[in-house]
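Asks: Dropping a structure here in structure tokens format, bear with me for questions.
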Amino acid sequence: MFDMFLENRIVFYGMIAGIFIVVNALAYLLLKYILPWQAMRTLKKFKIRAKSRKLLPLLNLTGQLVMGISGAVTKGVPMVYDIIPAGIAPSKMMTFAASAEAGVQHPLADAIAEWADEKHLELSEASASNVVPGKGVEALINHQEVRVGTASFLQDHDVKIPAEILTRADQLAGKGNVVSFVSIGGFCRGFIVFSDALRPTVPGAVQTLRDYGISTAIMTSAAGSTARNIARQAGINNVNAEMDTMEKAKKITIMKTSDSLIGAVATTSNTQVLAQSADISFALSITDESIKEQCDVYVDSVDFGNIMSAVDIARYTYSKRKTGIIVTVLFNLVLGAITSYIVAESALPFFAPVLPIMAGVLFLIGIFANQFTYNY
């Protein structure tokens, strides 16, 4: 049989070409399709759903993760902690605030509505209203302009906030509380203090991400003192506060010019712009239903630290892909060297035709072994 191969070089070269084609075709299928399929299946085991395997390269390269505060860092269930009126009865100020916030889909609006319901306040219907994302809400109630939101939101509409009120609000915000100012008829009538507890898993999640080389950042419309205090508790150093929707989008666009890929966690409508602007977006189990389908990756957890599992699986997949490519290249080199030797050697050893077959078998064993060790 071996003599036939030696005498009939066409058959011999055909065998070499066949081995080359079959092995490289198998390597292509394994690395191009089977390995990503295994990664997607593994993600599902961790209750992570990615829209497409094409997201694996983005997961692999994720270097920064941006998020808001409510839901991702805090529990996302703020409560009215205190009411600081200025020249008006607390119940009257809250009646105007609750009337303006009626129907608004936002955690702070829900907290105001809950407080008003518990106090059995009689609300007035707004004849006109407008929500300014990242700033607040404005409405016309009983022929008076009412605004509820950040200090800058009121000041943008020429509402003067007394220095003592700003100082008091800043002190409370510095303790991690969220503050919303209320103006009625063009005059600041005080502010509402909300408290929202930090998720206990957040500091550990931030540290885990940092250990894997992924930095975290906060982008929020909340006051700077509030954001910095919450970030300090969470262990997050990069804080961007008092930002509206456009400012958040611009900031992420600038961040994308860096070498690392930007991921974003979206939980509420205020952070939806983060998901739309980032390279890859993540939704958690607490994310608003209207936003979940818009995100690239869904993580069935309230803890954004579990995003690291998705990144880790993608990185592991690419390390295996790299190994497969190296093995493929080495096989081609070995097969080429053996073929060249056989062609050049005049006195061939009797086992020469078996060498490329052995190389092909060893290569196949290496490839399949590489796949079987993919245990997550």
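The values are calculated or read from the model by the stated rules, or taken from the named source; none is laboratory data. Being a predicted model, the structure only gives us computed values, none of them experimental. Cβ coordinates were reconstructed from backbone atoms using ideal geometry, including for glycine residues, and neighbour counts include every protein chain displayed. Surface areas here come from the heavy atoms of the whole protein model, side chains and all, with no ligands, DNA or RNA. Shrake-Rupley method; radii C 1.70, N 1.55, O 1.52, S 1.80 Å.
Asks: Given the conditions (1) in contact with a strand residue (DSSP E or B) (Cβ under 9 Å, 6 or more places away or on another chain); (2) of a type in the set (Ser, Thr, Tyr); (3) in contact (Cβ under 8 Å) with a residue 60 or more places away in the chain, and given that TYR212 satisfies all but one, which numbered condition is not satisfied?
Replies: (1)
Asks: Take the residues in segment 131-158 that are among the aliphatic types (A, V, I, L, M) and over 20 Å from GLY87 (Cα atoms); name whichever of them is surrounded by the fewest Cβ atoms within 10 Å (Cβ to Cβ).
Replies: First, pick out the residues of segment 131-158 that are among the aliphatic types (A, V, I, L, M): 131-132, 137, 139-141, 146, 148, 151, 154.
Those left that are additionally over 20 Å from GLY87 (Cα atoms): 131-132, 137, 139-140.
Details: VAL131: 19, VAL132: 16, VAL137: 24, ALA139: 25, LEU140: 14.
By that ranking, first place goes to LEU140.
Asks: Then there is this: With the checklist (1) in a helix (DSSP H, G or I); (2) more than 25 Å from MET219 (Cβ to Cβ); (3) open to solvent by 60 Å² or more (accessible area, probe 1.4 Å) in hand, flag the one item GLY87 doesn't pass.
Replies: Just one mismatch for GLY87, condition (1).
Asks: How about segment 9-23: which of its residues are open to solvent by 40 Å² or more (accessible area, probe 1.4 Å), out of contact with any Pro (no Cβ under 9 Å at 6 or more places or on another chain) and within 13 Å of ASN332 (Cα to Cα)?
Replies: ALA17, ILE21, VAL22
Asks: Still on this structure, please answer the following. Could you please tell me which pairs satisfy a Cβ distance under 8 Å, a separation of 6+ or placement on different chains, a first residue in segment 335-346 that is within 13 Å of ILE19 (Cα to Cα), and a second residue that is surrounded by 12 or more Cβ atoms within 10 Å (Cβ to Cβ) and modelled with pLDDT under 70?
Replies: What qualifies is LEU335/PRO356; LEU335/ALA359; LEU335/GLY360; ILE338/LEU355; ILE338/PRO356; ILE338/ALA359; THR339/PRO356.
Asks: Now for a separate question. From the list ILE161, ILE165, exactly one residue is in a helix (DSSP H, G or I) and surrounded by 17 or more Cβ atoms within 10 Å (Cβ to Cβ). Which is it? Walk me through it before giving the result.
Replies: Details: ILE161 fails: in a helix (DSSP H, G or I).
That would be ILE165, the only listed residue that is in a helix (DSSP H, G or I) and surrounded by 17 or more Cβ atoms within 10 Å (Cβ to Cβ).
Asks: Any idea which of ILE19, ILE112, ILE83 is touching a residue at least 60 places away in the same chain (Cβ under 8 Å) and touching an Asp or Glu at 6+ places or on another chain (Cβ under 6 Å)? Walk me through it before giving the result.
Replies: Values: ILE19 fails: touching an Asp or Glu at 6+ places or on another chain (Cβ under 6 Å); ILE83 fails: touching an Asp or Glu at 6+ places or on another chain (Cβ under 6 Å).
Result: ILE112 is the single residue among ILE19, ILE112, ILE83 that is touching a residue at least 60 places away in the same chain (Cβ under 8 Å) and touching an Asp or Glu at 6+ places or on another chain (Cβ under 6 Å).
Asks: Ok, one more. Go through (1) farther than 18 Å from ASN306 by Cβ; (2) part of a helix (DSSP H, G or I); (3) touching a Gly at 6+ places or on another chain (Cβ under 8 Å); (4) open to solvent by less than 50 Å² (accessible area, probe 1.4 Å) for GLN233 and report which single condition fails.
Replies: Every listed condition holds for GLN233 apart from (4).
Asks: Taking the condition of being surrounded by 21 or more Cβ atoms within 10 Å (Cβ to Cβ) and of a type in the set (Gly, Ala, Ser), how many residues in segment 244-296 meet it?
Replies: So the count comes out to 8.
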